[in-house]
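The values are calculated or read from the model by the stated rules, or taken from the named source; none is laboratory data. These numbers come from a predicted model, not from an experiment. Cβ placement follows ideal geometry from the backbone for every residue including glycine, while neighbour counts extend to all protein chains displayed.
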Amino acid sequence: MQNEQDSARTRKTRNLLFEQALESEKKGDFRAALEKYKMALQIDQNFFDAWLNAGALYTRQGRSEKAIVCYQRALVSKNDIRAHYNLAVEFYKKQDFKSAEKALKSVLKLDSRYLNAHLLLGYVFGKTGRNDKSEISIRNALKVDPQNIQAQTALALLYFHTARPELALRQVNILLAKNPEDKVLLSLSAKIHLKGDDLRQASVGFRKLAARDAELKTFYGALREQVAPEKKKEIRTKRETIEAKTGKTARDMLDLSLLQFFDGDPQKAFATLEHLTTAMENRKDKKSH
C-alpha cells in the first residue's frame, strides 16, 4: 500500500514538472523548459514525452547532437513514429543520409501512409543519386495526398534535375496557376527556360522573382557594395552613355543589361534583357516570312 502511494506521488510530481515545462515553452523560456524536462526525467528515465519534447527544443535551438540523443533515448522508451521521423530530419540536416534512410523506413513500417516520411525519403534518394527510387517515394507521397504542394514541387524539381524539362515545365505551370507568388516555382520556371535557351521567358521569370524576393534584392545591394567607388562611377557613366544612344545594337542592349544589373537596378536589367530577346525573336519571325 505504501509503495503504491509513493509511486502515485512520484508520478504526480513528474507530471507536474512536465506541465511546468510546457508552460515555459509557451512563454518562450526554453532554458527553463529544458530544466523541467530534465527534472522529470530524473524521476522517470523512461518518460517518452519528456525525451521527445526536450529533443524538439534542442532542434529549435539548432543543437542537433543533443536532439539526436533525446530522440534515440525516447525510442528506447517507446517505438514511436514521431521520434523516428524527428531523428530522420536531424540526420538529413547533418547529411548522414544512410541513418536518415534507416529512420524513415522505420517510420513507414509503423505507418505506410506517413506522407512526410515518403517525401523526405525521396529527398534522401535524390541526394544519394538514386533518382528512380526518389521518384517512387515522391509518387508514394502523392498517393497519400495528390494535392500536396510540397510533393508536387518535389516532382517538378526531380523532372528538372533528371533532364525532363517539358515535364518539369508542365508541372511548374500547374503549380504556378495555384501559387503565382511562389519563389521556388518562379525560380525553377526561369531556370527551365534559361536551360532551353528561351531567354525571353527566362528574363520574365527572373524579373518576377526579383520583384518578390526580398533576399534577392538584398543580394543585389550587397553585390553592388562589393564594387569599388571608381568602378561604380565607370559603370554609371557607361550605362548613361548607352541609354542615351539612339539605334542601339543587340550588343548595346546586352551590355546595358549587365551595366544596369551592376548599377543596382536588377529589375531594369531584366526589362532590358526581355526587350532584347523580344526584338531578336521578331527579327527571326520577319526572316522566316
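In the set (1) part of a helix (DSSP H, G or I); (2) free of Cβ contacts under 8 Å to residues at least 24 places away in the same chain, F160 fails one condition alone, (2). A count restricted to region 35-67 and to residues that are in a helix (DSSP H, G or I), farther than 21 Å from Y85 by Cβ and in contact (Cβ under 8 Å) with a residue 24 or more places away in the chain stands at 2. Scanning region 141-152 for residues that are in a helix (DSSP H, G or I) and surrounded by fewer than 16 Cβ atoms within 10 Å (Cβ to Cβ) yields a count of 3.
Among the conditions (1) in contact with a Gly (Cβ under 7 Å, 6 or more places away or on another chain); (2) modelled with pLDDT of 75 or more, G221 misses just one, which is (2).
Results for (1) over 26 Å from A21 (Cβ atoms); (2) assigned to a loop (DSSP other than H, G, I, E, B); (3) without any contact (Cβ under 8 Å) to a residue 24 or more places away in the chain, shown as yes or no for each residue.
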{"residue": "L75", "(1), (2), (3)": "no, no, yes"}
{"residue": "H84", "(1), (2), (3)": "no, no, no"}
{"residue": "V89", "(1), (2), (3)": "no, no, no"}
{"residue": "V124", "(1), (2), (3)": "yes, no, no"}
{"residue": "R139", "(1), (2), (3)": "yes, no, yes"}
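Scanning region 98-126 for residues that are surrounded by fewer than 18 Cβ atoms within 10 Å (Cβ to Cβ) and over 22 Å from K78 (Cα atoms) yields a count of 1.
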